[in-house]
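Asks: Dropping a structure here in structure tokens format, bear with me for questions.
The values are calculated or read from the model by the stated rules, or taken from the named source; none is laboratory data. Values in this document were obtained by computation on a predicted structure and should not be read as measured data. As a convention, Cβ positions derive from the backbone with ideal geometry for all residues, glycine included, and neighbour counts pool all protein chains shown.
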Amino acid sequence: MSGLGIDCYLDNGVSMAHKSSSRSLLMDSKSVVDMIETSSRAHFSGFHMDGLQPRDGVEQPSTSVTENMPKQPFVIGVAGGAASGKTTVCDMIIQQLHDQRVVLVNQDSFYHHLSEEELARVHEYNFDHPNAFDTEQLLCSMDKLKNGQAVDIPIYDFMSHTNNVYPARRVNPSDVIILEGILIFHDPRVRELMNMKIFVDTDADVRLARRIRRDTGEKGRDIGAVLDQYSNFVKPAFDDFILPTKKYADIIIPRGGDNHVAIDLIVQHIRTKLGQHNLCKIYPNLYVIQSTFQIRGMHTLIRDSQITKHDFIFYADRLIRLVVEHGLGHLPFTEKQVVTPTGSVYTGVDFCKRLCGVSVIRSGESMENALRACCKGIKIGKILIHREGDNGQHLIYEKLPKDIAERHVLLLDPILGTGNSAVQAISLLIRKGVPESNIIFLNLISAPQGVHVVCRIFPRIKIVTSEIEAGLNKDFRVVPGIGEFGDRYFGTDEDDQPVVTSSS
């Protein structure tokens with residue numbers, strides 16, 4: 001990564017290139033960037049080389065799998081010690097996301113009611129302990145928000161230590177939910193809700209000074225009582241419960257709201273994520289090429305039933321080339337230096353050498369020319385899957401490179417429909433020894449049902465597509481779709497051909 005010309009360090013100061021196992025990135029105005037790729041449970045451009053077990057079962061898709069799925073919000077968790085600047089960071093994010101619907105949910109709203117006995121000894125009560133919060137109520141509220149339901153969030157009164165003094169705050173479903181609190185990373189169930197986890201890291205002396213100013217100025221408390229509470233509860237709880245959760249953060253922001261560069265990059269990343277298809281938020285291994293008017297225009301042309309065969313091939317080839325180029329960008333790379341004609345040294349990257357393509361006959365063969373144009377001399381294997389009805393798939397032919405287990409594989413099929421033939425093809429590659437994480441599945445259009453099937457069965461492959469469709473019709477055909485891609489591309493009449501092709 002040093003070849004990118006950007007300094008990026010872990011929270012202990014060790015270079016990422018020497019300690020890739022850690023995910024927490026230390027951000028300041030000089031060293032910030034690439035941190036974004038770790039959010040939303042995403043991975044770096046390299047592949048995990050985990051071992052895997054072949055899957056024998058094929059999950060049947062439901063045509064209504066996405067029809068009732070509410071729009072998924074982007075959930076950001078913001079944790080850190082008391083007076084670390086969490087609220088300032090949240091306010092800055094909300095202000096910069098003024099064109100999006102953003103709501104803030106505070107963990108403080110979910111403090112437990114204190115019993116009479118606890119109220120009588122409130123100065124001995126530890127408000128910084130995990131047990132002080134009603135996490136079940138928090139989870140219930142978040143579940144409703146994520147499922148498109150409005151919720152009433154209580155307002156906790158720190159004078160009476162109850163949450164029934166003021167009317168509850170109505171919170172409506174939104175594009176972005178910011179979940180803020182000192183212990184918001186402590187419970188794994190709450191962490192699992194988050195697409196991005198931010199830890200605001202501020203020096204202990206600064207936090208104490210802020211707390212003294214706040215509690216004496218705003219709450220009229222005696223400075224001695226503030227210091228006693230800090231030494232007896234706040235500092236021990238920070239060391240025991242809050243600081244250990246720093247390891248779960250995707251992004252660590254030192255100096256809190258003073259770190260404007262970090263905030264800007266986070267907001268930029270959130271905007272990018274909000275522009276993605278909902279499935280990309282569910283499956284971090286799904287990549288949809290960012291749409292432009294050019295891409296949208298080419299899709300319009302190839303979907304037109306009246307387009308000529310020549311124009312269909314021309315624009316389909318252009319889209320296929322974009323998909324192939326994007327897929328190649330997900331291959332691992334190594335740093336490489338070359339000497340330019342001016343005698344200067346250029347630091348760049350070297351392409352992955354161990355690579356091959358595998359096309360699903362017949363439609364997948366339409367993608368081979370684009371792959372050959374991008375990768376000189378690349379080996380390409382073949383898989384033929386016979387379709388027996390819309391839910392039955394039978395592998396009847398395969399011709400693959402003998403050393404395919406040692407290669408990264410680009411699996412080629414323009415249409416991802418039900419996902420059945422894709423599962424057959426991927427299962428074959430895995431049986432041949434190809435690690436699941438070494439497979440990149442390239443297609444032009446994908447139905448949500450097929451994405452669900454493939455990503456659930458093979459969570460470590462990558463899917464690269466140019467557009468997500470509305471779904472499948474009652475005949476399991478992709479809609480709005482392109483039709484029988486192979487027949488349109490190769491100029492054959494579906495009625496005159498044996499049914500041996502497959503929409504994966």
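Asks: Scan region 172-213 for residues that are part of a helix (DSSP H, G or I) and of a type in the set (Phe, Trp, Tyr) and report the count.
Replies: Residues of region 172-213 that are part of a helix (DSSP H, G or I), as a first pass: 188-191, 204-213.
Then drop every residue that is not of a type in the set (Phe, Trp, Tyr), which leaves none.
The number of residues fulfilling the criteria is 0.
Asks: Specify which of the listed residues (Tyr287, Tyr248, Tyr283) is among the hydroxyl-bearing types (Ser, Thr, Tyr), within 22 Å of the chain's Cα centre (by Cα) and more than 27 Å from Ile468 (Cβ to Cβ).
Replies: Working: Tyr287 fails: more than 27 Å from Ile468 (Cβ to Cβ); Tyr283 fails: more than 27 Å from Ile468 (Cβ to Cβ).
Result: Tyr248 is the single residue among Tyr287, Tyr248, Tyr283 that is among the hydroxyl-bearing types (Ser, Thr, Tyr), within 22 Å of the chain's Cα centre (by Cα) and more than 27 Å from Ile468 (Cβ to Cβ).
Asks: For residues in region 308-346 being modelled with pLDDT under 90 and either more than 23 Å from Val288 (Cβ to Cβ) or not assigned by TED's automatic domain parsing to the domain that holds Asn438 (or both), which is nearest to the chain's Cα centre (by Cα)?
Replies: Ranking the candidates gives Thr334 first.
Asks: Turning to a different aspect of this structure: For region 240-277, name all the residues that are outside any loop (DSSP other than H, G, I, E, B) and among the basic types (Lys, Arg).
Replies: Lys246, Lys247, Arg271, Lys273
Asks: Which strands (runs of 3 or more DSSP E) sit wholly inside region 289-396 and have at least 3 residues that are crowded, with 19+ Cβ neighbours inside 10 Å?
Replies: The qualifying strands (runs of 3 or more DSSP E) are 355-361, 379-388.
Asks: Looking at Asp228, is it assigned to a strand (DSSP E or B) and farther than 23 Å from Asp258 by Cα?
Replies: Taking the combined requirement at face value, the residue does not satisfy it.
Asks: Would you say Asn163 is farther than 22 Å from Thr245 by Cβ and in the same structural domain as Tyr111 (by TED's automatic domain parsing)? So that I can check it myself, show each step before the final result.
Replies: On the way: farther than 22 Å from Thr245 by Cβ: yes; in the same structural domain as Tyr111 (by TED's automatic domain parsing): yes.
Answer is yes for this residue.
Asks: Here are some residues: Gly148, Gly81. Which one is closer than 24 Å to Leu208 by Cβ, in contact (Cβ under 8 Å) with a residue 12 or more places away in the chain, surrounded by 13 or more Cβ atoms within 10 Å (Cβ to Cβ) and of a type in the set (Gly, Ala, Ser)?
Replies: Gly81
Asks: Ok, one more. Do you know which residues across region 109-121 are assigned to a helix (DSSP H, G or I) and farther than 11 Å from Phe158 by Cα?
Replies: Phe110, Glu116, Glu117, Glu118, Leu119, Ala120
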